[in-house]
1. If I stretch the segment between residue A:88 and residue A:418 completely, what's the gain in nm (0.36 nm per residue apart, minus their alpha carbon distance), one decimal?
2. Taking the Cα centroid of segment A:222-243 and of segment A:135-157, what is the distance between the two, rounded to the nearest whole Å?
3. Taking the alpha-carbon centroid of each part, what is the distance from segment A:510-569 to segment A:91-132 in angstrom?
4. Beta carbons within 10 angstrom, averaged per residue: use that to sort the peptides A:539-545, A:54-60, highest first.
5. For q = 0.13 Å⁻¹, what log10 I(q)/I(0) does segment A:427-517 give under the Debye formula with an equal point scatterer on each alpha carbon and no solvent?
6. Once each part is reduced to its C-alpha centroid, what is the distance from segment A:1-78 to segment A:574-617 in angstrom?
7. Going by average Cβ neighbours within 10 Å, how do the peptides A:487-498, A:66-77 rank, with the highest at the top?
8. Along each principal axis of its Cα atoms, how long is segment A:125-188 end to end? Whole angstroms, biggest number first, please.
DNA sequence: CAAGTATTACCG
DNA sequence: GGTAATACTTGA
């Protein structure tokens with residue numbers, strides 16, 4: 001009797017929305033094959049890493065096409081069944097091919113087939129070299145590095161230690177130093193040196209105690225808590241003590257942050273509290289560090305994992321709790337490829353793995369507040385902590401017909417002048433970097449535009465160049481109009497120009513500008529923030545970056561110079577984001593004895609929701625905004641999916657989207673809007689359009705999407721465009 | 001006609 | 001996405 005043939009169903013990292021059937025590898029018993037293992041598979045003409053998803057006695061594929069697996073990578077599964085189920089759910093929910101979903105969730109080394117073993121990390125250690133071959137004046141970087149090693153001759157410093165110390169890309173100088181015998185390669189032994197003294201927990205106030213008790217009581221089962229508390233209300237201490245409870249139960253905790261680079265203080269607080277039990281995942285790590293932390297968490301060797309969006313996929317041997325800090329932050333939504341939302345994945349993961357999830361924010365997303373209102377989440381509020389900064393007073397400044405000094409209205413300039421005279425700091429927020437967003441000919445009206453994007457190019461004074469903020473293209477600024485040789489003028493104001501205006505109007509003020517241009521390079525942001533803290537600046541000027549993470553107790557006057565964009569945007573979420581920004585920026589300033597003032601410059605001081613925000617606070621704003629969303633049937637009262645497409649030729653794009661729309665099932669309770677031009681209709685030489693699907697019911701939308709996209713994929717017009725589907729889009733652009 | 005390049009098909 | 005076969009340019 002011949003035993004029935006077994007078929008392996010395997011995911012491969014490819015944009016194809018299906019799995020592939022293979023024959024078992026020769027010489028491997030069926031019992032050795034388990035879902036979750038990686039294996040080498042022949043794929044087309046290549047050899048690729050595949051992930052075994054299942055085994056069965058049937059396949060729809062013709063026997064002639066089947067090939068045997070070439071070999072196993074993992075003897076035991078890399079993922080548990082529960083983890084695979086989460087990945088399959090994500091693939092289905094976000095309508096992204098399973099192979100790519102798995103690939104984006106794996107650290108690069110494992111994605112490329114490296115064995116799942118925790119490797120020793122290597123670094124460099126001081127060695128007494130030949131004094132005659134000491135790096136001299138010609139090798140300043142080597143000398144700098146050598147000085148660092150000499151300070152701690154016993155220490156083994158890894159690439160990430162060095163980059164933390166401000167030495168990036170020092171591979172070359174290190175090799176040279178090693179060549180001269182001044183340092184040598186050395187293994188880092190696991191628990192490095194003696195663990196520093198760990199900080200002890202701080203006493204909690206009543207509200208923090210209530211929150212901690214609610215979270216603790218829910219350990220061991222699924223529950224989502226919305227921890228709603230302004231800056232300085234002590235959210236972090238609640239996180240820290242909840243995590244400590246999880247560790248005491250022998251379990252692990254996962255903490256997600258929007259951007260680690262912007263919140264070094266928070267990371268350090270976790271380090272001080274948990275020492276070597278903490279693993280941090282961030283973009284500055286080498287692939288090998290990243291894979292090691294991931295594998296350590298999976299093996300239960302690391303108990304607390306702190307990371308950004310992609311850390312939500314880190315496997316945990318004994319998962320106990322997930323925390324999503326600043327849950328409203330847009331960076332949790334991946335904006336290309338596999339467009340998942342880490343906060344929503346965290347909640348689904350908590351649900352499936354039976355663990356509580358804590359969403360923390362001073363300005364929760366409207367979706368999250370709605371879920372709390374519906375009692376799907378526990379709403380935990382932390383009021384202002386006694387003795388900490390009081391909320392600053394918020395003023396809406398009507399700048400209609402005002403005399404302007406650049407981006408600053410006359411009245412506000414006077415406030416800045418007074419604040420400066422009083423010896424206090426001010427913070428100005430303008431979400432546009434560069435000098436001026438438009439360069440125009442005063443004689444003929446010609447504008448400097450990006451050829452590929454049809455948007456105006458921003459003038460950067462520092463570099464004396466024009467840059468397109470959409471595609472990154474740069475070119476020198478012409479001195480005269482290329483059409484008529486007329487005079488060129490700068491129109492509009494960016495942070496660079498704002499800095500210049502301030503320097504002219506307030507010549508005594510010391511100004512620090514913080515944006516992507518001024519903080520290029522590692523450590524620069526921290527250095528600038530430090531000097532701002534140390535009182536080296538009277539006025540801080542910056543973009544979005546200023547609103548995140550850092551608190552400036554010395555600041556008593558905050559200006560949001562351009563609020564109008566958020567009031568009347570085509571994106572329905574713009575107002576929510578503006579409100580969050582206003583509250584977040586306000587929270588950056590002030591101290592107990594001087595709560596400070598926030599000024600919002602606008603041409604629309606009568607805007608009802610803006611008034612609600614400034615007069616009654618974020619909670620009242622959110623409720624009013626939710627009522628508006630309900631009337632307009634927008635999320636969270638409806639569910640959206642966005643089909644985007646781009647191609648060099650507009651007609652290919654519109655033809656594809658029209659055909660896609662026509663593939664939608666009739667009478668389905670899903671409404672298609674479009675195709676319409678994308679908010680940025682041209683980018684990098686591509687024409688972009690989109691088709692928005694709206695449904696009143698989430699399961700309805702989900703059911704339709706799968707079959708629909710299969711049809712869409714079959715369209716011949718789909719091959720002439722680049723298309724993608726975005727489920728729960730955050731930005732309709 | 002060779003060489004370069006856009007288009008298409010396919011991956012088990 | 002990657003690869004390769006095919007169809008279709010271009011230039012001596």
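Values in this text are rule-based calculations from the coordinates and carry no lab data. Just so it is clear, the model here is predicted, and its values are computed rather than measured. With ideal geometry, Cβ positions are generated from the backbone for all residues, glycine too; neighbour counts draw on all protein chains shown.
1. Full-extension gain reported as 112.9 nm.
2. 42 Å
3. 34 Å
4. The densest-packed peptide leads the list: A:539-545, A:54-60.
5. Treating every Cα as an identical point scatterer, log10 I(q)/I(0) equals -0.45.
6. After rounding, the separation between the Cα centres reads 57 Å.
7. The packing order, highest mean first, is A:487-498, A:66-77.
8. 29, 21, 18
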